[in-house]
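*Asks:* Sharing a structure here in C-alpha cells format.
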Amino acid sequence: LVGQSYDRVLTPAARAVAEDRTRRYLAGEDMPSIFEVEMLRKDGTPIPVEARTRPIHDRQGNLVGFQGIFRDIRERKKAERELRESQRLQERIADTLPEILYLYERATGQFVYCNRRVTAVLGYTPGEIESHSLATLRDLVHPDDQARLIPWDQQWAKATDDEHFEIEYRVRHLNGAYRWLHVRERVCTRTDTGAPARILGLATDITVHKQVRDLADTRRIKRQEIPERLRQFRESLGYTQAEFGRRFGGLNQRQIGSYETGVADPSLDLLLAIHERGYPLSYILGTEREALLDETLHHLTRGYSRQVMIEQLAEAVRGIAVHEREI
C-alpha cells in the first residue's frame with residue numbers, strides 16, 4: 001500500500017466521508033477524531049473499521065496530511081447486532097403479554113421500560129410513560145385510591161426476592177375515564193447494600209371484571225333490548241355496520257347485522273373491543289336493576305382472559321421458533 005492512493009482501500013461511501021472531512025478541516029472546522037467507516041480488503045470485501053485520525057500541519061500551519069489508526073470492528077459489530085436482535089425479540093415477547101409490563105428505579109421512581117400494552121389499556125405510549133417518574137404518574141390514580149398507596153410504598157424496605165405484592169386501584173385513561181388495574185410487583189435488582197434498586201411490575205386491566213361485578217349486584221341484562229341498544233350506539237358514532245365491525249373486534253357486516261336484528265347475541269370480542277375503546281358496557285348491556293346472567297359473568301372474568309393469554313403465549317412461542325429458524 002505504501003505509495004498508493006488511499007482510494008484503493010476505501011468504499012465509495014468512505015471516500016465521500018474522507019473528502020468531506022478534509023474540506024471541513026481546511027475550512028478550520030473542529031472535527032471529532034473517532035468515526036466509523038467501511039474499508040476494502042485486498043479481495044474487495046468491505047469491512048467496518050473504527051478510524052482515529054488527526055491532521056498533520058507544516059510549520060506554517062498548512063494541512064499537509066493525516067495520521068490514522070484503523071481498527072477492525074467486525075466482531076464488535078456482530079455482537080452489537082446480536083444484542084439488538086435479542087433486545088427486539090425480548091420486546092416482541094413483552095408486547096404480546098396481555099398485561100402492562102414495566103420496570104422502574106426504586107430510588108428515583110423513574111420508569112426504565114414499559115411495553116406497548118399500556119397504550120391499549122390507558123391510551124399513553126411507552127415513551128410517554130418512560131419519560132415520567134412514578135410520582136408524576138401517581139397523579140393519575142383515582143383520589144379515593146391514593147391513600148392505599150402509602151403502605152404499599154413502605155413495604156419495599158423489608159421485601160425479599162421471592163415476595164411479590166398485589167394491589168388494585170383506578171388509573172385515569174388518556175380520555176379521562178378511569179380503568180381498574182390489578183398490579184403485581186416484585187424486586188428485580190438490588191443495590192450493593194442490598195436495598196431494592198429496580199422494581200418489576202405487571203398491571204392487568206380488570207375494568208370489565210369490576211363493571212360486571214357491579215352489574216351483578218344491582219342489574220340484569222335484558223337480552224331483548226341489546227339489539228336496539230347496539231344499533232343506537234353504532235349510529236351515534238356515525239358508522240355503517242361494516243365500519244363498526246372493522247373498528248370493534250374485526251367483525252364483518254353480516255355479523256353486526258345479526259346482532260342488531262337479534263338473530264345472534266353480540267360476541268364477547270365485540271363487547272371487549274367496545275371496552276378497549278373506552279366506552280362503558282352499559283351502552284349495550286343497559287342499567288336496569290336486577291341480577292346479571294351468571295354465565296356471562298363467569299366467561300368474562302375467568303374463561304376469556306385465560307383463553308386470550310394462552311393464544312398470545314402460543315403466538316409468542318411461534319415467533320421465537322420462526323426467529324430461531326431464520327437465524
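*Asks:* Testing the spin-label approximation: label points 7 Å from Cα along Cα→Cβ at Arg318 and Leu63. State their distance in nm.
*Replies:* Output for this residue pair reads 5.7 nm.
*Asks:* In addition: Once you charge only the Cβ atoms, +1 for Lys and Arg and -1 for Asp and Glu, what is the size of the charge dipole of the chain about its Cα centre, to the nearest 20 debye?
*Replies:* In total the dipole reaches around 640 debye.
*Asks:* Among Gln146, Gln224, Ile129, pick out the residue whose Cα is farthest towards the positive end of the charge dipole of region 119-233, where Lys and Arg carry +1 and Asp and Glu carry -1 on C-beta, about the Cα centre.
*Replies:* Gln224
*Asks:* Right, here's the next one. If all Cα-Cα distances of the chain are sorted into 20 Å bins from 0 onward, what percent lands in each bin, rounded to whole numbers?
*Replies:* The percentages, shortest bin first, are 22, 37, 26, 13, 2.
*Asks:* Using a simple charge model, +1 on the beta-carbon of Lys and Arg, -1 on the beta-carbon of Asp and Glu, nothing else, what dipole does region 158-277 show about its Cα centre, in debye to the nearest 20?
*Replies:* 340 debye
*Asks:* Rounded to the nearest 500 deg cm²/dmol, what is the calculated helix-only ellipticity per residue at 222 nm for the chain, with -39500 (n - 2.57) per DSSP H run of length n ≥ 4?
*Replies:* Per the formula, -12500 deg cm²/dmol.
*Asks:* Once ligands and nucleic acids are excluded and a 1.4 Å probe is used, how much of Val64 is accessible, expressed in Å² to the nearest 10?
*Replies:* Counting only protein heavy atoms, the figure is 90 Å².
*Asks:* Rank these by accessible area, largest first, 1.4 Å probe: Tyr283, Tyr124.
*Replies:* Listed by decreasing accessible area, they come as Tyr283, Tyr124.
*Asks:* For Val112, Val263, what's the largest-to-smallest order of accessible area, 1.4 Å probe?
*Replies:* Val263, Val112
*Asks:* Using only the C-alpha atoms of region 1-58, find the volume of their convex hull and express it per residue in Å³.
*Replies:* 92 Å³
*Asks:* What do you get for Rg/Rh over region 65-185 if you use C-alpha atoms and the Kirkwood form of Rh?
*Replies:* 1.15
*Asks:* Provide the solvent-accessible area of Met31, counting protein heavy atoms only and rolling a 1.4 Å probe, rounded to the nearest 10 Å².
*Replies:* We get 30 Å² for Met31.
*Asks:* Right, another one. Cross-link candidates for Lys210: which lysines have Cα within less than 30 Å, leaving aside residues fewer than 8 places away along the same chain?
*Replies:* Correct list for Lys210: Lys222.
*Asks:* As I understand it, the dipole of the chain uses +1 on the Cβ of Lys and Arg and -1 on the Cβ of Asp and Glu, about the Cα centre. Which of Leu281, Val208, Leu40 lies farthest toward its positive end?
*Replies:* Value: Leu40.
*Asks:* Taking all protein chains in place and a 1.4 Å probe, what share, in percent, of the accessible surface of region 153-208 do carbon and sulfur account for?
*Replies:* Carbon with sulfur: 50 percent of the solvent-accessible area.
The values are calculated or read from the model by the stated rules, or taken from the named source; none is laboratory data. Bear in mind the structure is a predicted one, so any value in this text is a computation, not a measurement. Every residue, glycine as well, gets a Cβ built from its backbone with ideal geometry; the counts of neighbours run over all protein chains shown. Heavy atoms of the whole protein, side chains included, go into the accessibility calculation; ligands, DNA and RNA do not. Shrake-Rupley method; radii C 1.70, N 1.55, O 1.52, S 1.80 Å.
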